[in-house]
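Student: This is the structure I have questions about; it appears just below.
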Amino acid sequence: MYRLEDCDEFYAIGGEEYFEKGICIIEWGELIKDILPKNYLEIIIEKDINYDNKRILNFKAYGERYEKILQKLI
């Protein structure tokens, strides 16, 4: 998403088709947060301040389906 300016550009390239089936992974998804499906799993990747090569993954579920999936991961 980092190459797109806004939601209109996402629609212009047919982006909504990515949500129709299967798994869709979007980097920089906050740029189109208003048009994301109601149900999805957000993964926030943070750099560990103590270790340059370590990343911390935080998950946030939107919708009942993904809340159940996330509970199984915990």
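Student: Could you state the angle between the C-alpha long axis of helix 64-73 and the longest principal axis of the C-alpha atoms of the chain, as a value from 0 to 90 degrees rounded to the nearest 10?
Tutor: Approximately 30 degrees, to the nearest ten.
Student: Mind sorting out which of (i) 33; (ii) 42; (iii) 53 is the real percent of Cα pairs over 17 Å apart computed from the coordinates?
Tutor: Computed from these coordinates, percent of Cα pairs over 17 Å apart corresponds to label (iii).
Student: Another one. Tally Lys and Arg at +1 and Asp and Glu at -1 over the other residues with C-beta under 13 Å from the C-beta of GLU16: what net charge comes out?
Tutor: Summing Lys and Arg as +1 and Asp and Glu as -1 gives -4.
Student: Which residue fluctuates most in the GNM of the chain (Cα springs below 10 Å): LEU41, LEU31, LEU57?
Tutor: Result for the chain, Cα springs under 10 Å: LEU57 fluctuates most.
Student: In the neighborhood of ASN58, defined by Cβ-to-Cβ distances under 9 Å, what is the net charge if each Lys or Arg adds +1 and each Asp or Glu adds -1?
Tutor: -1
No value in this document is a laboratory result; all are computed from the given coordinates. As the structure is a computational prediction, the values presented were derived from the model and not from experiment. All Cβ positions, glycine included, derive from the backbone under ideal geometry; neighbour counts span all protein chains shown.
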